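Heads up: the structure comes next, in structure tokens.
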Amino acid sequence: MNIFISHISEEASIAEVLKDWIESTFLGQSEVVISGDTDDLPAGDKWIDEIDQALDSAVAFLVLCSAASLKRPWIQLETGWGWIKGLPIIPICHSGQKKDDLPSPISTFQALEINSDGFVSDLFTTLAKHLGFTKFPRIDKDAMLRELTTAIGAMSES
């Protein structure tokens, strides 16, 4: 069971932190595929086919939403692609992007904000539901948030 993460290249470090935490929390029961990741989509592969295959096997679609990413057509295209495939779309807002300020059609999906108090619990409860699990292991929420904050900070310094 895959989880797909859509992001812009400048936000790859945030996607990597999420991937690491999701895969380690669900103890190998789920693989996270990151769009544009050469480990997941190696050079020479027909990337459009690889993305289509990843979406076919996905049970959830995470999209990283910032003011910058929401202006990029590829984010809109991948999100629409996931929507057409019937995947639950989970916008993850960061870098000042508020879920109440998401543009349509992304605003039609229940979104999460990285800087909200319940982000980690909400994310893993949601993913567990889509993966068919009733519970997930305890995780160090503070450590995860520190890693995400570091990734976001490093992104804004570049």
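Given R₀ = 41 Å, what would the calculated FRET efficiency be for LYS85 paired with ARG146, taking r from the Cβ atoms and rounding to 0.05?
Working: r = 34 Å, r/R0 = 0.82.
Rounded to the nearest 0.05, the efficiency is 0.75.
Using Cα springs under 10 Å in a Gaussian network model of the chain, which residue among ALA60, ALA128, ALA12 shows the largest mean-square fluctuation?
In this elastic network of the chain, the residue with the biggest mean-square fluctuation among ALA60, ALA128, ALA12 is ALA128.
Under a crude label model (7 Å from the Cα following the beta-carbon direction), how far is ALA43 from ARG72 in nanometres?
Output for this residue pair reads 2.0 nm.
So for CYS93, CYS65, fewest C-beta neighbours within 10 Å to most, what's the order? Intermediate results must be reported in sequence, preceding the final value.
On the way: CYS93 26, CYS65 30.
Going from least to most buried by this count: CYS93, CYS65.
Any idea what the dipole of the range 2-157 comes to, in debye rounded to 20, about its Cα centre with Lys/Arg Cβ at +1 and Asp/Glu Cβ at -1? Spell out each step's value before the answer.
Numbers: 12 positive and 24 negative charges, 112 e Å.
Charge dipole of the range 2-157: 540 debye, to the nearest 20.
Explain nothing, just the number: relative contact order of the chain, from Cα pairs under 8 Å at least 6 residues apart, as a whole percent.
Values: 212 pairs, mean separation 40.6, N = 158.
It comes to 26 percent, rounded to a whole number.
Computed from the coordinates I sent, Cα extents along the principal axes in Å equals one of [x] 39, 33, 30; [y] 56, 35, 30; [z] 49, 32, 25. Tell me the label.
Derived directly from the coordinates: [x].
Values in this text are rule-based calculations from the coordinates and carry no lab data. This structure is a prediction, so every number in the text was calculated from the model and none was measured. Glycine also receives a Cβ, built like all others from the backbone with ideal geometry; neighbour counts cover every protein chain displayed.
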